[in-house]
1. Taking a quarter of the surface of the Cα convex hull of the stretch 14-97, what do you get in nm²?
2. Which percent, to the nearest 5, of DSSP beta bridges fully inside the stretch 14-97 are antiparallel?
3. Say R0 is 41 Å: what FRET efficiency, to the nearest 0.05, do ARG54 and THR29 get from their beta-carbon distance?
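Taken together, the values in this text are just the output of simple stated rules run on the coordinates, not laboratory data. In this text the structure is predicted, and so the values were computed from the model without any measurement. FYI the Cβ positions are ideal-geometry reconstructions off the backbone, even for glycines, and counts take in every protein chain you see.
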Amino acid sequence: MHGNFAHHQAWPAEDRGRVAHAVRVADLTGRTVTVCHLHGVRMSSGKADTPARRLQAERVAALVGRVRGPQELVVVAGDFNVLPTSYTFAVLGRAVAYGRRRPPRAVSRMAST
């Protein structure tokens, strides 16, 4: 998908606008979970933190905060296009942990692309 295919005269090659979606779903017992997904900003310079990626992380965290219910499970998934040590994970970790009595156990499974 990268290379010539990603370059188009009408779309910028760098810092394209992205969309995140978040929904709350409930099972028949009424237990709810918020699920959020996104495809992060792609930059040819690599996957290091940038101002655009920091802003993206803050915006996704704010979206989760608006959608989630108190004490609710949260799943944030997607291709973040960042390194495992990125600021993005600290911001999203705080958003996911909000409202819980103890912080969630950190689990990171990222495929390098």
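1. Numbers: hull surface 21.5 nm².
Averaged projected area of the stretch 14-97's Cα convex hull equals 5.4 nm².
2. Numbers: 7 of 14 bridges.
Counting only bridges with both partners in the stretch 14-97, antiparallel ones make up about 50 percent.
3. Working: r = 38 Å, r/R0 = 0.94.
With R0 = 41 Å, the Cβ-Cβ based efficiency is 0.60.
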